[in-house]
Amino acid sequence: MKTPLKIAIIGVTGDAGKRITNEALNRGHHVTGIARNIGAIAAKNNLTLQVGDINDPETLAVKLKGHDLVISSVKYHEYDHDKLIKAVRLSGVKRYYVVGGAGTLEVAPGVTGLNSGYLPDFVVPIAKAAQDYLDLLLSSEDLDWTVLAPGAEFIAGERTGKFRLGNHELIKDENGRSAISFEDYAIALLDEIENPLHVKDYFSIGY
């Protein structure tokens, strides 16, 4: 086995955050799980829980410091993007992984889900926030960032280990459905962490 990594996960209580945490722990890594409320998270070996708030980047940075990498698994439209990146930068941690948004992916050459005109109205603000954050990372030169964007349906399911990876395109199956489970997403993200292939880039996953 590779040397265990010290991983900080912001958003440990979320649907994706929980599965990413479990996948990392099952691979022998050490995880610091961070959220505003950690009361509902059960204690586990190699898991340290910390209360943290993106609105206080200086304090959050202290909790991130000393880790090999940081994972952000939080909802784009619910926080200040500049404050989160500030916390990561202040921490001194260079490796930064982000749970992306399907709306940033291309549904046709040069056309993203966000600007396709096909997204439901209630999804547009979330997709725009995800795109804004991706744009911030694309203009960042000091962080070794990676964004993994899920399928359009990002749902609870099974850990199958059977999925496809893409570049900047939305992945659909033979029936036109675009989906990935939180469990399989976590596999792909940890694979990327253990064998980085998309540094300073984003990529996609789906069935």
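Residues in the stretch 1-57 that are under 25 Å from residue 80 (Cβ atoms) and of a type in the set (Lys, Arg) were compared, and the one that is modelled with the lowest pLDDT is 36.
Scanning the stretch 19-60 for residues that are surrounded by fewer than 19 Cβ atoms within 10 Å (Cβ to Cβ), out of contact with any strand residue (DSSP E or B) (no Cβ under 8 Å at 6 or more places or on another chain) and either part of a helix (DSSP H, G or I) or among the charged types (D, E, K, R) (or both) turns up 22, 26, 27, 44, 53, 56, 58, 59. For the stretch 168-193, a tally of residues being of a type in the set (D, E, K, R) and touching a residue at least 60 places away in the same chain (Cβ under 8 Å) returns 3.
Just name the residue that is surrounded by the most Cβ atoms within 10 Å (Cβ to Cβ) out of those in the stretch 134-151 that are in contact with a strand residue (DSSP E or B) (Cβ under 7 Å, 6 or more places away or on another chain) and either aromatic (Phe, Trp, Tyr) or in a loop (DSSP other than H, G, I, E, B) (or both). It would help to see each step written out before you state the result.
Step one: of the stretch 134-151, the residues in contact with a strand residue (DSSP E or B) (Cβ under 7 Å, 6 or more places away or on another chain) are 134, 137, 143-151.
Cutting the leftovers down to either aromatic (Phe, Trp, Tyr) or in a loop (DSSP other than H, G, I, E, B) (or both) gives us 143, 145, 150-151.
On the way: 143: 17, 145: 24, 150: 27, 151: 25.
If we take residues in the stretch 134-151 being in contact with a strand residue (DSSP E or B) (Cβ under 7 Å, 6 or more places away or on another chain) and either aromatic (Phe, Trp, Tyr) or in a loop (DSSP other than H, G, I, E, B) (or both), then 150 is surrounded by the most Cβ atoms within 10 Å (Cβ to Cβ).
Residues of the stretch 73-115 that are surrounded by fewer than 20 Cβ atoms within 10 Å (Cβ to Cβ), aliphatic (A, V, I, L, M) and assigned to a helix (DSSP H, G or I): 90 alone. When the stretch 169-207 is filtered for residues that are charged (D, E, K, R) and over 16 Å from the mean Cα position of the chain (by Cα), the ones remaining, listed by number, are 169, 172, 173, 174, 177.
The values are calculated or read from the model by the stated rules, or taken from the named source; none is laboratory data. Fair warning: this is a prediction, and the values are worked out from it, not measured in the lab. Heads up, the Cβs are rebuilt from the backbone with ideal geometry, glycines too, and the neighbour counts pull from every protein chain shown.
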